[in-house]
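Single-structure report; data block below.
The values are calculated or read from the model by the stated rules, or taken from the named source; none is laboratory data. Everything numeric in this text was worked out from a predicted model, so none of it was measured. For neighbour counting, all protein chains shown are included, and Cβ atoms are generated from backbone atoms with ideal geometry for every residue, glycine included.
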Ligand code: ASP
Ligand code: MG
């Protein structure tokens, strides 16, 4: 029997009624002839509540116990979904991560899946079971402790199962009906995409479009898992949602596919650092050791052996970054005149595989921003992405103007 993976996010299993509705979709796919692996999230809000309980009990918590607690939300929904399916006379049972087992690294709260042996579940399918309901987001470490995969991790569980079982497709059911050209809350002309390339989705996911966990897209790209994002609230339609797929399958000829943003950024500038071999390593090693996620980096042309070095990071990490720099200076590893933080910036990016082959995209983006009177503070580019750092108060305006200028409301 062909295998289908269906993942239901927190809003799709938020109540018993919704679990019943999700179960009907599962039943339909069973009737279509699939052996189904269902991956469930915790009921929406549950994981946040569990994280809150952990932090209240123990501010400097033991990450192993954090995982023991926060993984439990998924156990509840897995059991409830299996029960609901049984009530519908569909042979189903639940599996917690360790029972499969979903083998992960020991990096608690951010574990990576290393292996999912298929034998146990395959055996059950062979015995007549139709649906394996698996608790998402969790696994077991080499030491035998429960692990979790980082927030949003059940997407990654779903893709990993699809890869391990050679599933025909991995359907991600959520509360939006697909991937949009930008956030519809900011731009009401945002359009749902029928297809998006893995690489584009990866850029959008890591740029803050919260539809899929970034890691899940990486895995899908590596193992060529057909990934579909669709709403569990709309009527059943075999062509619903957005297909995340190989770029060869995409016929759209547009240069830009989407506009992404990230609101809570900060720009930090080290003023007058000595320009010598090893200076970048001396600056960025302590930042990385302090857990600062540096994104954009710009080093100015130096004058008389000194230069300014600018980088961006999430605004919440500014205190950590400042401390790391001060400590490095105190140790004599770096020396600078001042460290200036601009905490009122946002990042806006355009993404598209068509940018590889079409010239003039950067010029057009800068022109649009200039016309709106928006000053660009930092620019970075990759093959399929162009990002700018701007004042946060202009973020919405920039997203709208770019969406308009690149005609993203129109298909084609
Ligand atoms: N329940 C977990 C979270 O809220 C995992 C997930 O839903 O993907 O992050
Ligand atoms: Mg999610």
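Could you tell me which numbered condition residue 374 fails, if it satisfies all but one of (1) surrounded by fewer than 21 Cβ atoms within 10 Å (Cβ to Cβ); (2) under 26 Å from residue 284 (Cβ atoms); (3) touching a helix residue (DSSP H, G or I) at 6+ places or on another chain (Cβ under 8 Å)?
Evaluating residue 374 over (1) surrounded by fewer than 21 Cβ atoms within 10 Å (Cβ to Cβ); (2) under 26 Å from residue 284 (Cβ atoms); (3) touching a helix residue (DSSP H, G or I) at 6+ places or on another chain (Cβ under 8 Å) leaves (2) as the failure.
Does residue 360 satisfy being loosely packed, with under 15 Cβ neighbours inside 10 Å, free of Cβ contacts under 8 Å to residues at least 12 places away in the same chain and at positive phi?
Judged against the criteria, residue 360 is a match.
Provide a single number: the residues in the stretch 151-177 that are away from ligand 2 (no atom under 11 Å from the Cβ) and on the phi > 0 side of the Ramachandran plot.
The number of residues fulfilling the criteria is 1.
Might you let me know whether the stretch 196-206 holds any residue that is farther than 13 Å from residue 244 by Cβ, more than 15 Å from ligand 1 (Cβ to nearest atom) and under 10 Å from the mean Cα position of the chain (by Cα)? Full working, then the answer.
Taking the stretch 196-206 as the starting set, the residues that turn out to be farther than 13 Å from residue 244 by Cβ are 206.
Still in the running and more than 15 Å from ligand 1 (Cβ to nearest atom): 206.
Remaining after also requiring under 10 Å from the mean Cα position of the chain (by Cα): 206.
Scanning the stretch 196-206 turns up at least one residue that is farther than 13 Å from residue 244 by Cβ, more than 15 Å from ligand 1 (Cβ to nearest atom) and under 10 Å from the mean Cα position of the chain (by Cα).
Name the single residue, out of those in the stretch 377-402 being part of a helix (DSSP H, G or I) and touching a strand residue (DSSP E or B) at 6+ places or on another chain (Cβ under 7 Å), that is surrounded by the most Cβ atoms within 10 Å (Cβ to Cβ). Steps first, please.
Of all residues in the stretch 377-402, those part of a helix (DSSP H, G or I) come to 392-402.
Filter once more, keeping what is touching a strand residue (DSSP E or B) at 6+ places or on another chain (Cβ under 7 Å): 392, 395, 398-399, 402.
Numbers: 392: 19, 395: 20, 398: 24, 399: 22, 402: 26.
In this case the residue turns out to be 402.
Against the definition (touching a helix residue (DSSP H, G or I) at 6+ places or on another chain (Cβ under 7 Å) and either farther than 18 Å from residue 124 by Cβ or away from ligand 2 (no atom under 16 Å from the Cβ) (or both)), how does residue 18 come out, yes or no?
yes
Can you tell me which of (1) assigned to a loop (DSSP other than H, G, I, E, B); (2) away from ligand 2 (no atom under 16 Å from the Cβ); (3) within 13 Å of the chain's Cα centre (by Cα) is the one residue 238 doesn't meet?
Residue 238 satisfies all of (1) assigned to a loop (DSSP other than H, G, I, E, B); (2) away from ligand 2 (no atom under 16 Å from the Cβ); (3) within 13 Å of the chain's Cα centre (by Cα) except (3).
Each row is one residue, and each column tells you yes or no for (1) surrounded by fewer than 20 Cβ atoms within 10 Å (Cβ to Cβ); (2) more than 16 Å from ligand 1 (Cβ to nearest atom); (3) more than 26 Å from residue 118 (Cα to Cα).
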site: 9; (1), (2), (3): no, no, no
site: 15; (1), (2), (3): yes, no, yes
site: 19; (1), (2), (3): no, no, no
site: 23; (1), (2), (3): no, yes, no
site: 33; (1), (2), (3): yes, yes, no
site: 42; (1), (2), (3): no, no, no
site: 46; (1), (2), (3): yes, no, yes
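Looking at residue 145, is it over 24 Å from residue 231 (Cβ atoms), touching a residue at least 24 places away in the same chain (Cβ under 8 Å) and either surrounded by 16 or more Cβ atoms within 10 Å (Cβ to Cβ) or within 16 Å of ligand 2 (Cβ to nearest atom) (or both)?
Against the criterion (over 24 Å from residue 231 (Cβ atoms), touching a residue at least 24 places away in the same chain (Cβ under 8 Å) and either surrounded by 16 or more Cβ atoms within 10 Å (Cβ to Cβ) or within 16 Å of ligand 2 (Cβ to nearest atom) (or both)), residue 145 qualifies.
If I ask for residues that are within 19 Å of residue 240 (Cα to Cα) and free of Cβ contacts under 8 Å to residues at least 12 places away in the same chain, which ones from the stretch 174-195 would you list?
Correct list: 184 only.
So for the stretch 289-312 (the condition being assigned to a helix (DSSP H, G or I) and free of Cβ contacts under 8 Å to residues at least 24 places away in the same chain), does at least one residue qualify? Give the derivation first.
Step one: filter the stretch 289-312 for residues assigned to a helix (DSSP H, G or I), giving 289.
Narrowing further to those that are free of Cβ contacts under 8 Å to residues at least 24 places away in the same chain: none.
For the stretch 289-312, residues assigned to a helix (DSSP H, G or I) and free of Cβ contacts under 8 Å to residues at least 24 places away in the same chain: absent.
Picking from 137, 125, 165, which residue would you name as being out of contact with any helix residue (DSSP H, G or I) (no Cβ under 9 Å at 6 or more places or on another chain), within 16 Å of residue 5 (Cβ to Cβ) and either touching a residue at least 12 places away in the same chain (Cβ under 8 Å) or surrounded by fewer than 20 Cβ atoms within 10 Å (Cβ to Cβ) (or both)?
125
Take the stretch 59-95 and flag every residue that is in contact (Cβ under 8 Å) with a residue 40 or more places away in the chain, more than 14 Å from ligand 1 (Cβ to nearest atom) and not in a helix (DSSP H, G or I).
Within the stretch 59-95, 88, 90, 91, 92, 93, 94, 95 qualify.
Every residue, every condition in (1) at pLDDT below 95; (2) within 22 Å of residue 381 (Cα to Cα); (3) touching a strand residue (DSSP E or B) at 6+ places or on another chain (Cβ under 6 Å), yes or no:
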| site | (1), (2), (3) |
| --- | --- |
| 286 | no, no, no |
| 290 | yes, no, no |
| 306 | yes, no, yes |
| 311 | no, yes, yes |
| 316 | yes, no, no |
| 325 | no, no, yes |
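Of the numbered conditions (1) in contact with a helix residue (DSSP H, G or I) (Cβ under 7 Å, 6 or more places away or on another chain); (2) outside any helix (DSSP H, G or I); (3) surrounded by fewer than 20 Cβ atoms within 10 Å (Cβ to Cβ), residue 346 fails exactly one; give the number of that condition.
In the conditions (1) in contact with a helix residue (DSSP H, G or I) (Cβ under 7 Å, 6 or more places away or on another chain); (2) outside any helix (DSSP H, G or I); (3) surrounded by fewer than 20 Cβ atoms within 10 Å (Cβ to Cβ), residue 346 misses (3) alone.
Taking residue 225 as the residue in question, decide whether it is within 19 Å of residue 9 (Cα to Cα), in contact (Cβ under 8 Å) with a residue 24 or more places away in the chain, in contact with a strand residue (DSSP E or B) (Cβ under 6 Å, 6 or more places away or on another chain) and in a loop (DSSP other than H, G, I, E, B).
For residue 225, the condition - within 19 Å of residue 9 (Cα to Cα), in contact (Cβ under 8 Å) with a residue 24 or more places away in the chain, in contact with a strand residue (DSSP E or B) (Cβ under 6 Å, 6 or more places away or on another chain) and in a loop (DSSP other than H, G, I, E, B) - is met.
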